[in-house]
1. Out of every Cα pair in region 1-42, what percent are spaced more than 17 Å from each other?
2. Give the peptides 24-30, 46-52 in descending order of average Cβ contacts within 10 Å, highest first.
3. Tell me, what ³J(HN,Hα) does each residue in region 13-20 have, in order and in whole Hz, if you take phi through Karplus 6.51 cos²θ - 1.76 cosθ + 1.60 with θ = phi - 60° and put x for Gly and Pro?
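Each value in this text was obtained by applying a stated rule to the coordinates, not by laboratory testing. Quick caveat, the model's predicted, so the values are computed rather than measured. Neighbour counts are summed over all protein chains in view; Cβ atoms, including those assigned to glycine, are modelled from backbone coordinates with ideal geometry.
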Amino acid sequence: TQFVAIEVDHSGSIADLEAAIAASLQSFGEPLRWAITAVVPERSVVRVEAVVTPNPLNIFNPQSIRSV
């Protein structure tokens, strides 16, 4: 498993936000769980922390983990 921290735009609806989070996490692998840990209204983003089962192509790539 791998820990991932990302920021996602939240300017749309809740359904749009959930879809954007799912799409962003899929680039790292299969999400096992995720949570919104912060909302930054002045930048219209939410911070998300997740645990994913990594894609084999990203396992050895340090760029695959984005810190906030």
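1. On the way: 245 of 861 pairs.
That fraction is 28 percent.
2. 46-52, 24-30
3. Residue by residue, region 13-20 yields 7, 4, 4, 5, 5, 4, 5, 5 Hz.
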